[in-house]
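> The following block contains the structure, expressed as structure tokens.
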Amino acid sequence: MLEDFEVVAFGRVAVSVAITKNGLTFNQAALKQMAYSDHVRLLVNRAAKQFAILPCGADDPDAVPFASTIRSTSRSVRWPSKSLLRLFCGLMSWDIEHCGGYRVSGSYSNEDAALIFDLKAAQSIERSKISA
């Protein structure tokens, strides 16, 4: 009897990162997808204008604190790194100081156990929607 019905997905939040003048902010969906890993490794593909994060141990020489930086009430992870902002803004020719920033959806690679973000698919964030 339900063969003509379709599932309506609602309440699900897509994995994303916001890139603003305050840094990079990964949303709670990204945290969940990365299984709240304490540390991740950040990889950049400059030619494809993409970056990826994948879980790693704290002893990895390229480890960056991730979920280990959040409080129990936090719903996101922020990296207030000016060097990352310069890297991504340089790759994309963004003037992050004079806009609201950009939101980039992520996709999970089962093969690599990594979240991949394509900067070319970034969506502009309106200044009025930014929380400081």
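> Roughly how many debye, to the nearest 20, is the charge dipole of the chain about its Cα centre, given +1 on each Lys and Arg Cβ, -1 on each Asp and Glu Cβ, and no other charges? Mind showing how you got there, number by number?
Working: 15 positive and 13 negative charges, 143 e Å.
Computed about the Cα centre, the dipole is about 680 debye.
> Which of the aspartates and glutamates could a cross-linker bridge to Lys49, judged by Cα under 16 Å and excluding same-chain residues fewer than eight apart?
Cross-link targets: Asp118.
> From the phi angles alone, apply the Karplus equation (6.51, -1.76, 1.60; θ = phi - 60°) to the range 53-59 and give each ³J(HN,Hα) in whole Hz, x where the residue is Gly or Pro.
10, 9, x, 7, x, 4, 7
> Would you mind ranking Cys56, Cys99 by Cβ crowding within 10 Å, fewest neighbours first?
Fewest to most other Cβ atoms nearby, the residues stand as Cys99, Cys56.
> Still on this structure, please answer the following. Report the gain in length on full extension from Arg78 to Ala58: 0.36 nm times residue separation, minus Cα-Cα distance, nm rounded to one decimal.
Numbers: separation 20, 0.36 × 20 = 7.20 nm, distance 1.80 nm.
Roughly 5.4 nm would be gained on extension.
> Still on this structure, please answer the following. For Cα pairs less than 8 Å apart in space and 6+ apart in sequence, what is the mean separation divided by the residue count of the chain, i.e. the relative contact order in percent? Could you put the intermediate results ahead of the total?
Values: 234 pairs, mean separation 37.8, N = 132.
Normalised by residue count, the contact order of the chain is 29 percent.
> Now a separate question. When a footprinting reagent is the concern and you count Cβ atoms within 10 Å, what order do Asp95, Asp38 take, fewest first?
Values: Asp95 9, Asp38 16.
Lowest to highest Cβ neighbour count: Asp95, Asp38.
> Quick one, which of (i) 46, 33, 32; (ii) 54, 25, 23; (iii) 57, 38, 35 is the actual Cα extents along the principal axes in Å calculated for this model?
(iii)
> On to the next question. Taking the alpha-carbon distance from Lys21 and a cut-off under 14 Å, which aspartates and glutamates remain once sequence neighbours fewer than 8 residues away in the same chain are dropped?
Cross-link targets: Asp95, Glu97, Glu126.
Rule-based calculations on the coordinates, nothing more; no lab input. On a predicted model such as this, the values are computed, not experimentally measured, just so you know. Note that we place each Cβ from the backbone using ideal geometry, even for glycine, and neighbour counts take in every protein chain shown.
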